[in-house]
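Accompanying notes for the structure given below.
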């Protein structure tokens, strides 16, 4: 009856969807009452854990007062207050501060908004020839057609290639031993990735095609869907600086890495650079309800002023829904009341120690890396099952031990809620080691 996402029909008999009855904190409870540790934040959304009482209470209050009103011609306090707080918290630098927020309802929609804003501004400035977008190889930005066009993985694009626009894909480095300390802008590896051959080729391509490029779309620091590829903060900084020199808009997709995942509220802060357009979702509502926002550089809106024909040609039915905005406000309140960011260094260090322990004790692990509270362990796929379904076998083995992991092919990753406790982190590491041993021998 149900068509589940990212699910092969042939796998449903082997791994049928598991009915979940309830969730609290980092724990899911299935219909039999069994507890399951959510080690990946339910696809990178859960920031403060499931069912946080402060967010639940805010949703209950809001739905009793105002459930929805169309956002064209109307407004309401939750949307205004959330926008004000996002603008106050967003990264800024000498070139960029944010002045506007455009709401939508999912990450790919946020990217679509940014793409359309960028191109329409070009048209309004008499630069219609700058119609192409640049993106990184191996990148992922969503599955609506515009967002899919700037996904750097052929596996995602190929089935729909005839429908997609022509993006320019840039090479991207990979730092297989990336450590959280590598993000420190004053640290020894502050320029990590900037002086690589991939960076040189990426800059050369931007320079060669600047006349036809409207924007570069980039995931800061971590390409999550690409086996958690970490390419170095210096690479990101060099890309932003190059785009500024060439008058190419920078669209930062922080849908997965925003809201504390990397140890800062926004990942771009590590590079001390602010993009022109900043795409947010997943953790924006605390991971509770579908909500997205595109933050827009102050002054960007000037091109859209004047004749009504210059208006931004985009809308969503549930733009700025008051219930989702109330959840977003409550999530930001939790960041403050629980001092979430201040508590992250201790959790990040514990995760780092556990990650290194698993990598050192399990010879099947060939790469180990981390940024913030995101860790990845890449295993030797040659030692995997004969049917090639390594990721599925690892997922099954973890679930049998009461842990939700969803490996990306040969890469086990941890991306739990930011308030995961020490015992749960220890369990996450123990089960990871066990399933590596079971599946890869």
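Annotations
- The chain - Kirkwood radius from inverse mean 1/r over Cα pairs (Å): 22.4
- Panel order for 410, 387, 421, by other beta carbons found within 10 Å of each beta carbon, from fewest to most: 387, 421, 410.
- Take each peptide in 227-233, 298-304, count the other Cβ atoms within 10 Å of every residue, and average; sorted highest first, the result is 227-233, 298-304.
- Stretch gain in nm, segment residue 54-residue 162, where the contour uses 0.36 nm per residue and the Cα spacing is subtracted: 34.2 nm
- Distance between the stretch 218-275 and the stretch 1-61 - C-alpha centres, whole angstrom: 28
- Approximate spin-label separation residue 409-residue 1, in nm, with each point projected 7 Å along Cα-to-Cβ: 3.6
- Residues 206, 213 arranged by fewest to most Cβ contacts within 10 Å: 206, 213
- Within the listed set 83, 190, 208, the residue fluctuating most in the Gaussian network model of the chain (springs between alpha-carbon atoms under 10 angstrom) is 208.
- Going from the residue with the fewest nearby Cβ atoms within 10 Å to the one with the most, 80, 113, 101 rank 80, 101, 113.
- Note on residue 302 and residue 339: the model spin-label points, each 7 Å out from Cα along the C-beta direction, lie 4.3 nm apart.
- Comparing mean-square fluctuations of 179, 359, 154 from a GNM of the chain with C-alpha springs under 10 Å, the top value falls on 154.
- Across the chain, Cα pairs under 8 Å and at least six residues apart give a relative contact order of 22 percent.
Only the coordinates and a few stated rules stand behind these numbers; no lab work does. Remember, it's a predicted structure, so these values are computed and weren't measured experimentally. Using ideal geometry, Cβ is built from the backbone for each residue, glycine included, and neighbour counts are taken over all protein chains shown.
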